[in-house]
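Structure first, commentary second.
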Amino acid sequence: MFKALLITKNESAQAVAVTDIDESQLPEAAVTVKVEYSTINYKDGLAITGKSPVVRKFPMVPGIDFAGVVESSSSDQWKAGDRVVLNGWGVGEGHWGGLSQKARVNPGWLIRLPEAFSAKQAMAIGTAGYTAALCVDALEKHGVTPAQGEILVTGATGGVGSVAIALLSKLGFKVVASSGKASEADYLKALGAAEIIDRASLSAPGKPMQKERWAAVVDCVGSATLANALAQTRYGGYVAACGLAQGMDLPGSVAPFILRGVSLLGIDSVMAPLPPREAAWKRLARDLDASALESISTLVGLGNAAAAGADIVAGKIRGRVVVDVNA
Ligand code: NDP
């Protein structure tokens, strides 16, 4: 037996509880992993609270990421003792996930834990941090450089935003952080933000074309914020869109695309193929300071994971929540 957070559902409501699970209940797959740490991402909050239909079948163990050690494997890709990380692939949505002491997954979903990180550090980064790295990779691939001007990060105190600020400032960018949490200005500056703007200045519907300011944008928020960010992006600039914390809609116009040559880059972490995953983790190992990781993350036990899930959806979390599934 082992412990996992389990989401169950009857006709009217869903329930979430730490539950004893028999190993025979794990889904069929080739690799069994002894999980050490998992995390609470925004999507895990949606799954745990049931606020959006993230979970595709019940009962479900949530947790879209984990780090741990291979316990057994019938695939020759992995052997007992290998240290691994998993991000996405529908784990915690349609396949039992990481908020559990054990997980059984397909071999192609795992990557090797980078040597630079402990399992706990890898989960302080988690899917949010790996997504931030995908955003930075996308901007760099399109030739965005610090010399081109300021870069905007929205949803700044969140997991993706925090890691994006740390990575971009390390690369020499002048980062402007958009946040609703005025009290976290010192936190954002310590991560490397040069300036902080109130997210209210971006969150209401605005004009299709606005004063040009940003050379590039990492947007975690979507909706009117993304539309305004596009409308303020300078000629030929790039906007990496990865999130929907404000909303899934995009109430803007094509004007920034057709009159300023602005490009919108879509970022998906869930089904991203192996090469960009490995490149993103390589960037994190190279460019993310251990001190930044310390300030970004807080630690909870499995028993507090559901409460943290509710908090992230309520916008009460700063940075990243790491879950010690064995505590
Ligand atoms: P967090 O909840 O940690 O951060 C989101 C941040 O957005 C909050 O901290 C807050 O920052 C801001 N925010 C929250 N609510 C609103 C609102 N109503 N209007 C404007 N801003 C708001 O989430 P993550 O950082 O983990 O994820 C960010 C987004 O990216 C989420 O939507 C998530 O689903 C998505 N995501 C997408 C991935 C992909 O593959 N594309 C992978 C990972 C995440 P502040 O208080 O500083 O303003």
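A few points about this structure:
- Spin-label model distance (nm) - Thr145 vs Lys170, 7 Å beyond Cα toward Cβ: 2.1
- Long pairs among Lys207/Lys316; Lys79/Lys141; Lys120/Lys170; Lys207/Lys282, criterion Cα-Cα beyond 28 Å: Lys207/Lys316; Lys79/Lys141; Lys207/Lys282
- Segment Ser291-Asp76, length gained on full extension (0.36 nm per residue, minus Cα span): 73.7 nm
- Surface share of carbon and sulfur [accessible, 1.4 angstrom probe, percent] for region 206-305: 58
- Cα-centred dipole magnitude for the chain, charges only on beta-carbon of K, R (+1) and D, E (-1), debye, nearest 20: 600
- The listed residues Glu212, Glu184, once ranked by accessible area (1.4 Å probe) with the largest placed first, stand as Glu212, Glu184.
- Take every Cα pair under 8 Å whose residues are at least 6 apart in sequence, average their separation, divide by the length of region 169-319, and the relative contact order is 16 percent.
- Dipole of the chain, positive end: most advanced residue of Leu293, Ala47, Gly172 [Cβ charges, Cα centre]: Gly172
- The modelled label-to-label distance between Asp20 and Phe58, using points 7 Å beyond Cα along the C-beta direction, is 2.4 nm.
- Full extension of the chain segment joining Ala255 with Asn326 gains 20.4 nm, where the gain is 0.36 nm per residue of separation less the Cα-Cα distance.
- If you plug the beta carbon distance of Glu28 and Ala200 into 1/(1 + (r/R0)^6) with R0 = 41 Å, you get a FRET efficiency near 0.25.
The values are calculated or read from the model by the stated rules, or taken from the named source; none is laboratory data. Being a predicted model, the structure only gives us computed values, none of them experimental. Neighbour counts are summed over all protein chains in view; Cβ atoms, including those assigned to glycine, are modelled from backbone coordinates with ideal geometry. Heavy atoms of the whole protein, side chains included, go into the accessibility calculation; ligands, DNA and RNA do not. Shrake-Rupley method; radii C 1.70, N 1.55, O 1.52, S 1.80 Å.
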